[in-house]
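Here's the structure, in structure tokens; my notes come after.
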Amino acid sequence: MKAAQIAKYTKHIELKVNDIPIPEIGENEVLVRVKVAAVNPLEMLIITGSVKLIQDYNFPLTLGNELTGVIEKIGTKVQGFKVGDAIYSRMPLAKIGAFAEYAAIDAGAIGHLPANLDFVTGAAAPLTGLTAYQGLHEELEAKAGATVFIPGGSGSFGQMAIPIAKAMGLKVIVSGNPQLREQIIGIGADQYLDYTTENYWELLSNIDYVIDALGSDEFDRELSIIKPGGILLSLKSGPNKRFAVDHGLPGWKQKLFSVAGSKYDKKAKKKNIQYRFIFVRSDGSQLKELTKIIEENKIVPAVDPTDFRIEDINKALNLVMTGHTKGKVVIKF
């Protein structure tokens, strides 16, 4: 089968398409014939070795973190799935490999494809959806009646996070692109700020939770609008000691992350705010919940219309790196 791989960590973002054997499956795994794989900024972090303190890999490594496909084979201990089922998955971080014609995936990391999504739109859902679900339920443990602000929330993350937050009884404020105002209000946002004409840090205060999808440049502004005792959860700024402890990382990594995240922790502590960082994990039972939310709210993630095949993987990565996309970039098999 064809698979897009790297032979080592490298600053040079280039994958090679190799011919490798179809993987064997373990008793808890399924063999999936991949239909569509999504290309994420996470690939760049893995290729460059930026996440090796969180997850280190052996080589050659087949890249790719999320996919849709059809089950071709089932391990002896797998329940709840059968050959022919259409599935979607954020693959387990320790065993990725979506950029291939076949993938062996732990059955605990897959979900049935939502009825309102096809293989293309479905490939854009699991990673973002699980990030939103885990962020709101586990990291924030958000309480009904509280207010959450998502700067830059008109993109794919916000499309997933808003219905989940509303289902939890939260008030949701979003800043984003003026063209997407009606769409975002339509899926439940209570207030929408046009980032081209309105500065959220001048208009908002006393916010319980901020979910940062923009990165460290916004950190101080985001902090300035959160009430004492509130939480700033970042998808981008970087891990801290709390992240290392929560993930059971060894002592030396805890020290390292403690140093790396200290600038964020110190600023947050001064204002009696907690800083947290999220790195999404695979979870099939949460995908089941996510499927319900996607179907009930008729969520269809935006997908970039550029047509890529596995041979075009480097062009697809390049498009993601430049950031000028019209939705999730995908490669079709």
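What follows is calculated from the coordinates using simple rules that are stated; it is not laboratory data. Everything numeric in this text was worked out from a predicted model, so none of it was measured. Neighbour counts run over all protein chains shown; Cβ positions are idealised from the backbone, glycine included.
In table form, for the structure just shown:
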{"quantity": "Low-density loop cleavage sites - trypsin sites (Lys or Arg not before Pro) in region 10-100, where at most 11 other Cβ are within 10 Å (DSSP)", "calculated": "11, 77, 82"}
{"quantity": "Residue 332-residue 246 pseudo-label distance in nm [points 7 Å out on the Cα-to-Cβ vector]", "calculated": "3.8 nm"}
{"quantity": "Mean separation of Cα contacts under 8 Å (6+ apart) over length of region 79-130, as relative contact order %", "calculated": "42 percent"}
{"quantity": "Region 254-308-region 68-96 distance, computed between alpha-carbon centres (Å)", "calculated": "23 Å"}
{"quantity": "Loop-exposed GluC sites (Glu not before Pro) per DSSP, neighbour cap 12 Cβ within 10 angstrom, longest uninterrupted part of the chain", "calculated": "142-333"}
{"quantity": "Cleavage-rule hits (trypsin sites (Lys or Arg not before Pro)) in region 229-333: DSSP loop, at most 16 neighbouring Cβ within 10 angstrom", "calculated": "236, 271, 281, 298, 309, 326"}
{"quantity": "Per-residue HN-Hα couplings for region 314-321 [Karplus 6.51, -1.76, 1.60; θ = phi - 60°; Hz; x = Gly/Pro]", "calculated": "5, 5, 5, 4, 5, 4, 5, 5"}
{"quantity": "Inter-site label distance for residue 10 and residue 50 at 7 Å from Cα along Cβ, in nm", "calculated": "1.8 nm"}
{"quantity": "Residues of type lysines that residue 266 reaches as a straight line, Cα spacing below 30 Å, ignoring anything fewer than 8 places off in the same chain", "calculated": "52, 143, 171, 227, 236, 241, 253, 255"}
{"quantity": "Extreme residue, positive dipole direction of the chain, given options 195, 54, 264 (C-beta unit charges)", "calculated": "264"}
{"quantity": "Relative contact order [Cα under 8 Å, 6+ residues apart], the chain, whole percent", "calculated": "19 percent"}
{"quantity": "Amide N of region 254-298 lying under 17 Å from the label point, which is placed 7 angstrom from the Cα of residue 115 along Cα→Cβ", "calculated": "288-298"}
{"quantity": "Principal-axis tilt of helix 156-167 within the chain, Cα atoms, nearest 10 degrees", "calculated": "70 degrees"}
{"quantity": "Nearby lysines by direct alpha-carbon distance to residue 82 (threshold 28 angstrom, same-chain neighbours under 8 apart not counted)", "calculated": "2, 35, 73, 95, 288, 292, 298, 332"}
{"quantity": "Reachable aspartates and glutamates from residue 16, criterion Cα separation under 12 angstrom, eight or more residues apart if same chain", "calculated": "311, 312"}
